[in-house]
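Before any comments, here is the structure.
The values are calculated or read from the model by the stated rules, or taken from the named source; none is laboratory data. Note that the structure is predicted; figures quoted are calculated from it, not measured. Cβ placement follows ideal geometry from the backbone for every residue including glycine, while neighbour counts extend to all protein chains displayed.
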Amino acid sequence: EAVLPGQRPSRAILSIAGSDPSGGAGIQADLKTFTAIGVYGGAVITCLTAQNSVGVAACLPIAPEFVKQQIQLVLADLPVSHIKTGMLGTDAIAGAMAEALHNFSGEIICDPVLRASDGHDLFQKSADNTGLLALLNTATVLTPNLPELATLTGRHLETVQEALAAATGLLSQYPKLRAIALTGGHIREQDAEVEDFLILRQETGPEIFSVNHARITTVNTHGTGCTFASAFAAYHLLLGNDQEAFCKTVSFLDTLLRQSANLTLGQGKGPLAHH
Ligand code: PLP
């Protein structure tokens with residue numbers, strides 16, 4: 001069969017996340033991000049939410065076995081090299097995801113979404129969080145913000161030093177974890193500059209890179225975390241390198257935040273617009 005000129009080896013990303021019907025966060029944000037960056041994306045839904053830009057009203061978790069079946073069917077068909085996980089909903093769903101991803105040998109970029117910025121819980125803990133821990137054991141990259149890092153490590157975090165020490169601790173706890181991209185928006189919130197960090201596992205010990213950028217004052221930040229993690233996954237697929245993917249992701253977010261800053265979509269925290 002003739003190969004058409006310009007045909008490229010095809011790879012895809014799969015987002016496994018919650019649905020945001022207002023389109024700002026969750027799988028809707030993920031798919032827009034993949035498309036904007038130029039990567040094919042699939043989406044497995046873990047949870048439906050009823051929400052808008054003002055806040056989350058309710059969550060409807062999908063049956064764990066059904067989440068697993070969705071993942072298995074997509075992985076059996078599409079050339080998925082990267083998986084991005086977002087809202088998990090329940091510990092049982094996280095466990096089902098971990099089972100479905102057990103033999104997956106590509107990248108798993110895990111955005112440890114625990115709570116929406118309006119305070120609504122997006123993850124129902126169990127007594128021992130076995131599902132969440134099993135999922136974290138499959139992750140190659142984590143993309144927490146400061147509150148998520150604090151919850152994951154059970155520490156009170158305020159300073160950069162405390163945050164970097166906590167991230168380094170996570171790297172030594174999860175053997176598959178190669179990198180942590182820590183978004184710095186919640187660190188020193190009064191500063192005009194934001195510093196985002198990439199903490200990499202190296203044989204000689206953790207290596208830390210950081211990028212500084214201006215803090216953009218805007219209410220339109222809904223879904224920023226989802227978009228960051230998806231952009232990292234998409235750029236990593238295209239570039240195959242953590243540092244380059246991280247730098248591209250930081251500047252992608254900076255562009256989106258700037259171009260969305262004056263939009264009036266919704267009555268609360270508006271979304272990022274990818275156009
Ligand atoms: N809804 C879903 C489905 C999400 O995945 C997330 C965050 O990851 C949110 C809501 C929270 O968005 P925000 O932090 O902008 O409130």
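Being within 30 Å of G268 (Cβ to Cβ) and at pLDDT 95 or above is true for just one of L157, L200. Which residue is that? Quick ask: steps written out before the conclusion?
Values: L200 fails: within 30 Å of G268 (Cβ to Cβ).
After ruling out the rest, the residue left standing is L157.
A single entry from L164, L142, L133, L171 fulfils the requirement of being surrounded by 22 or more Cβ atoms within 10 Å (Cβ to Cβ) and either under 25 Å from I16 (Cα atoms) or not aromatic (F, W, Y) (or both): L142.
Among the residues of region 243-257, are any assigned to a loop (DSSP other than H, G, I, E, B), farther than 18 Å from Y40 by Cβ and not charged (D, E, K, R)?
Scanning region 243-257, I find no residue that is assigned to a loop (DSSP other than H, G, I, E, B), farther than 18 Å from Y40 by Cβ and not charged (D, E, K, R), so the answer is no.
Looking across region 26-40, the residues that are touching a strand residue (DSSP E or B) at 6+ places or on another chain (Cβ under 6 Å) and within 12 Å of the ligand (Cβ to nearest atom) come down to G26, I27, D30.
Among the conditions (1) touching a residue at least 40 places away in the same chain (Cβ under 8 Å); (2) touching a Leu at 6+ places or on another chain (Cβ under 6 Å), A167 misses just one, which is (1).
Give the residue, chosen from A57, A76, that is out of contact with any His (no Cβ under 6 Å at 6 or more places or on another chain), farther than 28 Å from P271 by Cα and surrounded by fewer than 19 Cβ atoms within 10 Å (Cβ to Cβ). Result: A76 is the single residue among A57, A76 that is out of contact with any His (no Cβ under 6 Å at 6 or more places or on another chain), farther than 28 Å from P271 by Cα and surrounded by fewer than 19 Cβ atoms within 10 Å (Cβ to Cβ).
When restricted to residues that are over 15 Å from G225 (Cβ atoms), in a loop (DSSP other than H, G, I, E, B) and touching a Lys or Arg at 6+ places or on another chain (Cβ under 9 Å), region 22-40 contains 2.
Comparison of A98, A94, A116 shows that the only residue that is surrounded by 16 or more Cβ atoms within 10 Å (Cβ to Cβ), closer than 20 Å to L142 by Cβ, touching a strand residue (DSSP E or B) at 6+ places or on another chain (Cβ under 6 Å) and among the hydrophobic types (A, V, I, L, M, F, W, C) is A116.
Listed conditions (1) over 19 Å from the mean Cα position of the chain (by Cα); (2) touching a residue at least 24 places away in the same chain (Cβ under 8 Å); (3) farther than 20 Å from V141 by Cβ are all met by F66, apart from (2). Does L4 meet the test of being in contact with a Ser or Thr (Cβ under 6 Å, 6 or more places away or on another chain), surrounded by fewer than 20 Cβ atoms within 10 Å (Cβ to Cβ) and without any contact (Cβ under 8 Å) to a residue 60 or more places away in the chain? So L4 does not fit the description; no. Whenever a residue of region 119-145 is farther than 15 Å from M87 by Cα and touching a residue at least 60 places away in the same chain (Cβ under 8 Å), its partners that are away from the ligand (no atom under 11 Å from the Cβ) and part of a loop (DSSP other than H, G, I, E, B), lying with C-beta atoms within less than 9 angstrom and at least six residues away or across chains, give the pairs V141/L177; V141/R178.
Confirm whether V56 is touching a residue at least 60 places away in the same chain (Cβ under 8 Å), assigned to a helix (DSSP H, G or I) and either out of contact with any Pro (no Cβ under 9 Å at 6 or more places or on another chain) or away from the ligand (no atom under 16 Å from the Cβ) (or both). Criteria not met by V56.
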